[in-house]
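Novice: Quick one: structure below, then a few questions.
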Amino acid sequence: MSSAVPRRVLPLIVFSQFAGTSLWFATNAVMPDLQHAWGLPATAVGTLTSAVQMGFVAGTLAFALLMVADRFSPSRVFMACAPVGALANAATLWAGGSFSLLLGLRFVVGFLLAGIYPVGMKLAASWYRQGLGAAMGVLIGALILGTALPHGLRALAGDGGSSVLPSWKSVLLGVSLLAAAGGVLTGLGVPDSPWLQRGARVTPAALRLIWHDRKLRASVFGYCGHMWEIYTFFVLVPLIVGMRWTGLAQSAASFFIIGAGFIGCVAGGLLVRRWGSANVAQRQLATSGLCCLLAPLMLQAPDALFLAWLLLWGLTVAGDSPQFSTLTAQNAPPAVVGSVLTFVNCIGFAISVLSIEIFVAALPRVPLAVLLPLLGLGPLLGLWMFRPLSR
């Protein structure tokens, strides 16, 4: 990494990414509380998560088409989106059980996350022109740890609280305060890079290129297979853990299982120099796919083996993400790399919505031992399409 980069830049971006993306699964961590307090349906966790994902897709397209991070300082865009997203998240406390209002708020949170996650990546890429693979591993690892954080806060909050501010409300407020603080820190502490370049306009021609370019198609399909699995896994983790542990232990285990992805992302970024991005992505995708297929056996395994399986799954289901992003950026022509990444992100998150809706809808009728191996369809297809890069 360039010695001209101020030392504070990467730690601030990483912390702010971690803080801002904690908004992503804030309601998932307190879903049992919301269902108890407001009588939400059993499928609410899937529907609300899908609302965030669709908001992110809409936000990504809007930010890209309007070239928001090019017209304005990326640091200031991040600083604006994080506190507003925090307010939308905190407004959950006043939803009063209105499911339509909750859906709207989660959509808004997802829309504003498009000004946090991709903009944080743009900031890092503009500063770290060399050593980007390692920086990407840390940044996406911070996103995964932020995704896990609400579960950890729920475990720390306990079952106490007061009638005015029960524990689940303190979790939502804590996440909102953290996200707002991350936005302010980025705006005040991370200057725009002197190497920051204005991106090209998004062009639909990138869609045709994704299909016709052999190597680009391989990395994109690998990413899509990964997206079929990852967010549905995050939604299902508390339910899987709930087969053995409940209450605070369930929240704590969910935090560590999802948060294990941080280690997978960082370790993958370090291994890139030895193995290359394609090998790292392929091995992690194959391992997470194997974890899907082993579900019928592991669900019956002793507690220690059951937990080790979930930790390995959490580590590898997210660890390949930075490498898919890196490969897609490397294989796309420089003139359209922004368009390619925009469309690939939107396609991937749309796939995650489809996966979440299918699996959550099937839960009441299909046992987890039958359902979880079907998550492996994404990694299997991804590995098959990834073959041109694995050679």
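Novice: Assuming 0.36 nm per residue, please report the length gained on full extension of the stretch L290 to A42 beyond their Cα-Cα distance. Numbers along the way, then the final one.
Specialist: Details: separation 248, 0.36 × 248 = 89.28 nm, distance 2.86 nm.
Net length gain for the segment: 86.4 nm.
Novice: Using just the Cα positions, wrap the chain in a convex hull and report its mean projected area in square nanometres, one decimal place.
Specialist: Details: hull surface 71.8 nm².
Answer in nm², one decimal: 18.0.
Novice: Only helical DSSP H runs with n ≥ 4 go in: add -39500 (n - 2.57) per run for the chain, normalise by residue count and round the 222 nm mean residue ellipticity to 500 deg cm²/dmol. Walk me through the numbers on the way to the answer.
Specialist: On the way: 21 runs with 300 residues, N = 391.
Helices in the chain give a 222 nm mean residue ellipticity of -25000 deg cm²/dmol.
Novice: What would the Debye equation give as log₁₀ I(q)/I(0) for the stretch 316-391 at q = 0.18, 0.22 Å⁻¹, counting only Cα atoms as equal point scatterers?
Specialist: -0.89, -1.15
Novice: Related question: Expressed in nm to one decimal, what extension gain is obtained for the pair S100 and D303 from 0.36 nm per residue of sequence separation less their Cα-Cα distance? Walk me through the numbers before you get to the answer.
Specialist: Details: separation 203, 0.36 × 203 = 73.08 nm, distance 3.91 nm.
The span from S100 to D303 would gain 69.2 nm if fully extended.
Novice: Also: Go through I258, I347 and list them by solvent-accessible area, largest first, probe radius 1.4 Å.
Specialist: Numbers: I258 0, I347 65 Å².
Largest accessible area first, the list is I347, I258.
Novice: Something else now. Once phi is turned into θ = phi - 60°, what whole-Hz ³J(HN,Hα) does the Karplus curve with 6.51, -1.76 and 1.60 give for every residue of the stretch 320-337, x standing for Gly and Pro?
Specialist: Residue by residue, the stretch 320-337 yields 7, 4, x, 6, 5, 5, 5, 5, 5, 5, 6, 8, 7, x, x, 5, 10, 4 Hz.
Novice: Note the direction-averaged projected area, equal to a quarter of the hull surface, for the Cα convex hull of the stretch 164-234, in nm². Walk me through the numbers on the way to the answer.
Specialist: On the way: hull surface 36.9 nm².
In nm², the orientation-averaged hull projection of the stretch 164-234 is 9.2.
Novice: A follow-up question, please. Let me have the relative contact order for the chain, percent, based on Cα pairs under 8 Å that are six or more residues apart.
Specialist: Working: 677 pairs, mean separation 99.6, N = 391.
Relative contact order comes out at 25 percent.
Novice: May I pose another question? Roughly what would the spin-label model give for R76 and A4, points 7 Å off Cα along C-beta, in nm?
Specialist: 2.3 nm
Novice: May I ask you to work out the translational diffusion coefficient for the stretch 1-120 at 25 °C, viscosity 0.890 mPa s, via Stokes-Einstein with Rh from the Kirkwood sum over Cα pairs, reported in whole µm²/s? Before the final figure, lay out the partial values.
Specialist: On the way: Rh = 15.2 Å.
Answer from the Stokes-Einstein relation: 161 µm²/s.
Novice: Right, another one. With r defined as the distance between the Cβ atoms of Q35 and H212 and R0 fixed at 51 Å, what FRET efficiency is calculated, to the nearest 0.05?
Specialist: Computed FRET efficiency for Q35 and H212: 0.60.
Novice: Would you mind telling me the share, in percent, of accessible area of the chain contributed by carbon and sulfur at probe 1.4 angstrom? The partial results should precede the final answer.
Specialist: On the way: 10590 of 15570 Å².
The computed percentage sits at 68.
Novice: Just to confirm, what accessible area per residue do you get for the chain at 1.4 Å probe, in whole Å²? Don't jump to the answer; show the numbers that get you there.
Specialist: On the way: 15570 Å² over 391 residues.
That works out to 40 Å² for each residue.
The values are calculated or read from the model by the stated rules, or taken from the named source; none is laboratory data. This structure is a prediction, so every number in the text was calculated from the model and none was measured. Cβ: placed from backbone, ideal geometry, glycine included. Neighbour counts: every protein chain shown. With ligands, DNA and RNA removed, areas are computed over all heavy atoms of the protein, side chains included. Shrake-Rupley method; radii C 1.70, N 1.55, O 1.52, S 1.80 Å.
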